[in-house]
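Pasting in a structure now, in structure tokens, and then I'll have a few things to ask.
The values are calculated or read from the model by the stated rules, or taken from the named source; none is laboratory data. Treat the numbers as computed from the prediction; the structure is a model and nothing was measured. Glycine gets a Cβ as well: all are built from the backbone with ideal geometry, and neighbour counts include every protein chain shown. With ligands, DNA and RNA removed, areas are computed over all heavy atoms of the protein, side chains included. Shrake-Rupley method; radii C 1.70, N 1.55, O 1.52, S 1.80 Å.
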Amino acid sequence: MKPVYTNVGIVGAGAMGRGIAQIAAQAGSTVKLFDTQPGAVAKARDAVFAQWDKLQEKGRMDAAQVAGQKARLLATDSLQSLSDCDLIIEAVVERLDIKKALFSELESLVRPGAVLATNTSSLSVTAIAAGLKRPQQFAGYHFFNPVPLMKVVEAVAGLKTDPAICANLAAYAKQMGHTAVQAQDTPGFIVNHAGRGYGTEALRIVGEGVADFVTIDRILRDQAGFKLGPFELMDLTALDVSHPVMESIYQQYYEEPRYRPSVITAQRLAAGVVGKKVGEGFYRYVDGVAQISPEPPAPQVDEMPPVWVSPRAARRAELLALLKSLGASIETGASPSPAALTLVAPLGFDVTTVAVVERLDPARTIGIDMLVDDAATKRRVLATNPATRSDMRDAAHALFARDGKAVSVIRDSGGFVTQRVVATIINIAADMCQQRICSPKDLETAVTLGLGYPLGPLAMGDRYGPANVLEVLFNMQTVYGDPRYRPSPWLRRRGAIGLSLLHEES
């Protein structure tokens, strides 16, 4: 099949430009690679050739295929040599002035029908195109590193981009073995925008003293099913990359509270404690392996108190069945006895608020997060309030660990950990759909491929129930008084009428 773009130019021979050049050549395009740094193009070309040689050795490519690809990947030492290209993709430093100057020069060299594209991850496509004579021929084409492995690419339309350009870029991405999603030109596009909730809400939880880094990572992996905890992920991407993106999106959205960065990452960045690549981030690394202390065993409790469950508890029937299976002595009265361990299971509220509203003795009251079906998780999460007695805390911990399932005990938090983080992710995604940044389908595709979440955020909302997510957000807004948690109209309306979050209006 003939590629959509026969002659492709790549400006920038770093890891991103090298990866784009590799998959473009594999798609059948003749690729010219340029960089201003001496030796950069040769180094990049050698690295790509070495990868193809390894694939040939493993039998995943034949000799003719590799030879053809090598012949199509050309080194060049001048921008002028890109004048005959159908498509030129820029992958240089993230500075608006540099990108604008580069594209101004490129536009003067290429034929009128040529397409110019930027791989920017955080700058405005419209702003980069400002000043060009043919902004309709300009678009964002955002790949993710490492390009050959990360199979999603965002085709981003600037304010004046011809829609046919993004359609052609999407078709070309498919020829390169990638999945394209189309987005409007907004800060963070799809993936970096949708990813704002995971790290920033986890940082807020740490900042409140609710739990430490490793506990939050364990909860979000084991209870919610994320592949990496937020602090593991930030160590992998490194704070010198992720913190500036947090600040950029927050500032570009005129300090929208949903995207508020954290002083924790700002401070750690200033200290150079940026992540795995320097051996220290939220974790310390030895030979690339995070040094993590094992979890302490559950406490030993000689005499277990009877258990009383609030009639307002989420998933109350399931919680009672779980307690029965664990061998608990369950009280069934209208109120707990003076000796009872009192269990509440709120959505969005903290344990303190529930104890006060329900007139329970806070010294004996413990919260359990029941947003997620217990059978679907590898970890249970309990929360104390400031008055909870240590014997009640230990009794609850020991009881819920009886069947061998891991248990984390955190300090009081509106929404525990999973509720807070999941609801924030879903709410941001819903508002992206409300703003028409992209279609619900493209959002789900971009997030699952680009961020590796267990589900797309809208499907996540459907799984946990839009009404439950709304309850979490409304109650968190009450607890914290922060507009960060105000529900998106997309979520509020669909939750109110029982409609799937994936439903797009006709």
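In the neighborhood of residue 243, defined by Cβ-to-Cβ distances under 13 Å, what is the net charge if each Lys or Arg adds +1 and each Asp or Glu adds -1? Write out the running numbers ahead of the final one.
Values: positive: 196, 260, 268; negative: 235, 240, 247.
Net local charge, residue 243 excluded: 0.
A follow-up question, please. Could you tell me the calculated FRET efficiency between residue 463 and residue 78, based on Cβ-Cβ distance and R0 = 60 angstrom, to the nearest 0.05?
Details: r = 54 Å, r/R0 = 0.90.
Here the calculated transfer efficiency is 0.65.
Could you work out how much longer the chain between residue 56 and residue 98 gets when fully extended? Use 0.36 nm per residue separation minus the Cα distance between them, nm to one decimal. Display every interim value, and only then the final one.
Details: separation 42, 0.36 × 42 = 15.12 nm, distance 3.85 nm.
Using 0.36 nm per residue and subtracting the Cα-Cα distance, I get 11.3 nm.
Tell me what the chain gives for mean residue ellipticity at 222 nm when only DSSP H runs of n ≥ 4 count, each as -39,500 (n - 2.57), the sum divided by the residue total, rounded to 500 deg cm²/dmol.
On the way: 20 runs with 216 residues, N = 506.
My calculation for the chain gives -13000 deg cm²/dmol from helical runs alone.
How much space per residue, in cubic angstrom, does the convex hull of the C-alpha atoms of the chain take up?
167
Hey, another quick one. So how many Å³ per residue does the convex hull of the Cα atoms of segment 2-71 work out to?
Values: hull volume 5.5 nm³, N = 70.
Output value, Cα hull per residue: 79 Å³.
Between segment 16-30 and segment 462-498, what is the separation of their alpha carbon centroids in Å?
Between the Cα centres of segment 16-30 and segment 462-498 lies a distance of 44 Å.
Still on this structure: With a 1.4 Å probe and every protein chain kept in, tell me what percent of the accessible surface of the chain is carbon plus sulfur. Walk me through the intermediate numbers first.
Details: 11180 of 21350 Å².
The value for the chain is 52 percent carbon and sulfur by accessible area.
What does the charge count around residue 498 come to, taking other residues whose C-beta lies under 13 Å from its C-beta (Lys +1, Arg +1, Asp -1, Glu -1)? Intermediate values should be presented prior to the final figure.
On the way: positive: 492, 493, 494; negative: 462.
Result for the local shell: +2.
Among DSSP beta bridges lying fully in the chain, give the percent that are antiparallel, nearest 5.
Values: 10 of 48 bridges.
Bridges in the chain that DSSP calls antiparallel: roughly 20 percent.
Any chance you could list the semi-axes, whole Å, largest first, of the equivalent ellipsoid that the Cα gyration tensor gives for segment 250-307, using √(5λ)? Please list the in-between numbers first.
Working: eigenvalues 262, 118, 13 Å².
Value: 36, 24, 8 Å, ordered largest first.
Right, another one. Rounded to the nearest 0.05, what FRET efficiency is calculated for residue 504 and residue 145 with R0 set to 25 Å and r the Cβ-Cβ distance?
0.20
What would the Debye formula give as log10 I(q)/I(0) at q = 0.16, 0.17, 0.18 Å⁻¹ for the alpha-carbon point model of segment 298-433, no solvent?
Values returned for q = 0.16, 0.17, 0.18 Å⁻¹ are -0.76, -0.86, -0.96.
So how much slack lies between residue 174 and residue 387, counting 0.36 nm per residue of separation and subtracting their Cα-Cα distance, in nm? Intermediate results must be reported in sequence, preceding the final value.
Details: separation 213, 0.36 × 213 = 76.68 nm, distance 5.79 nm.
Stretched out fully, the residue 174 to residue 387 stretch lengthens by 70.9 nm.
Next up: Rounded to the nearest whole Å², what accessible area per residue is found for segment 53-160 with the 1.4 Å probe? Numbers along the way, then the final one.
Values: 4910 Å² over 108 residues.
Accessible surface, normalised per residue, equals 46 Å².
Moving on to the next point. Could you do me a favour and compute the accessible area per residue for segment 299-451, 1.4 Å probe, result in Å²? Display every interim value, and only then the final one.
Working: 6000 Å² over 153 residues.
Here the residues of segment 299-451 average 39 Å² of exposed surface.
I'm checking a number: the convex hull volume of the Cα atoms of segment 195-278, normalised per residue, in Å³. What is it? Intermediate values should be presented prior to the final figure.
On the way: hull volume 7.6 nm³, N = 84.
In segment 195-278, the Cα convex hull volume per residue is 91 Å³.
Given 0.36 nm per residue, what is the gain on full extension from residue 436 to residue 6 after removing their alpha carbon distance, in nm? Could you put the intermediate results ahead of the total?
Working: separation 430, 0.36 × 430 = 154.80 nm, distance 3.26 nm.
Going from the current span to full extension adds 151.5 nm.
May I pose another question? Restricting attention to the alpha-carbon atoms of segment 390-493, what are Rg (one decimal) and Dmax (integer), both in Å?
When restricted to the Cα atoms of segment 390-493, Rg and Dmax are 16.5, 52 Å.
Still on this structure, I have one more. Of 239, 150, 172, which is farthest along the charge dipole of segment 141-243 in the positive direction, counting Lys and Arg as +1 and Asp and Glu as -1 at C-beta?
Farthest towards the positive end: 172.
Okay, moving on. With +1 assigned to the C-beta of every Lys and Arg and -1 to the C-beta of every Asp and Glu, and no other charges, what is the dipole magnitude of the chain about the Cα centre in debye, to the nearest 20? Walk me through the numbers on the way to the answer.
Working: 53 positive and 52 negative charges, 149 e Å.
For this selection, approximately 720 debye.
Taking a threshold of 29 Å on the Cα-Cα distance, which of the pairs 43/99; 32/174; 160/227; 32/441; 70/277 fall above it?
Working: 43/99 23 Å; 32/174 20 Å; 160/227 39 Å; 32/441 34 Å; 70/277 31 Å.
Beyond 29 Å between Cα atoms: 160/227; 32/441; 70/277.
OK, next. Please compute the net charge surrounding residue 74, taking Lys and Arg as +1 and Asp and Glu as -1 over other residues with Cβ under 9 Å from its Cβ.
Charge balance near residue 74 sits at +3.
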